[in-house]
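To start, the structure under review is shown below, and the notes come after it.
The values are calculated or read from the model by the stated rules, or taken from the named source; none is laboratory data. The structure presented is a predicted model; accordingly, all values stated were derived computationally and were not measured. Counting neighbours? That spans all protein chains shown, and the Cβs are built from the backbone with ideal geometry, glycine included.
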Amino acid sequence: MSLSQHELQDLEQQLLARRATVLDELRRETRDEQGLLGLPSHRGESDRSVDFEMEAVDLAQSLRDAGELQDIDSALERLRDGSYGRCADCAEPIDPARLRAQPTALRCAACQLRFEHLHAPG
Ligand SMILES: [Zn+2]
């Protein structure tokens, strides 16, 4: 047994707290976008492209947050079904120190390195 019940509960608390933060960020970004759209457009064409770029950045950030939310939800699901803490690739227990640093970790360090190498751009 790599993780005690207490450690699992700690990690669940971390995940739930992080989930609330990410949801809060997503809600705030949605509000900002609406505020941006409500600005009077008195500055001309060039500014519109700046606004567009800012929206693209906001969108990228939202997508990152949404991706993290998915990671968190899937980690919480694994906590519930008992598969949490096992590597998705080799099924070996993930180092508890690694899980404490990154509660959404899906793979052990070795498999994650291999995964990132395989999926590295270029
Ligand atoms: Zn592994």
Q: Kindly list the number of the only condition in (1) surrounded by 10 or more Cβ atoms within 10 Å (Cβ to Cβ); (2) modelled with pLDDT under 95; (3) more than 16 Å from the ligand (Cβ to nearest atom) that fails for P121.
A: (1)
Q. Exactly one of (1) within 15 Å of the ligand (Cβ to nearest atom); (2) free of Cβ contacts under 8 Å to residues at least 60 places away in the same chain is unmet by G82. Its number?
A. (1)
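Could you tell me whether any residue of the stretch 64-79 is more than 12 Å from the chain's Cα centre (by Cα) and exposed (fewer than 11 other Cβ atoms within 10 Å of the Cβ)?
no
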Q: Considering each of Q61, Q112, Q70, Q102 in turn, give the residue that is farther than 19 Å from Q5 by Cα, polar (S, T, N, Q), within 16 Å of the ligand (Cβ to nearest atom) and modelled with pLDDT of 85 or more.
A: Q112
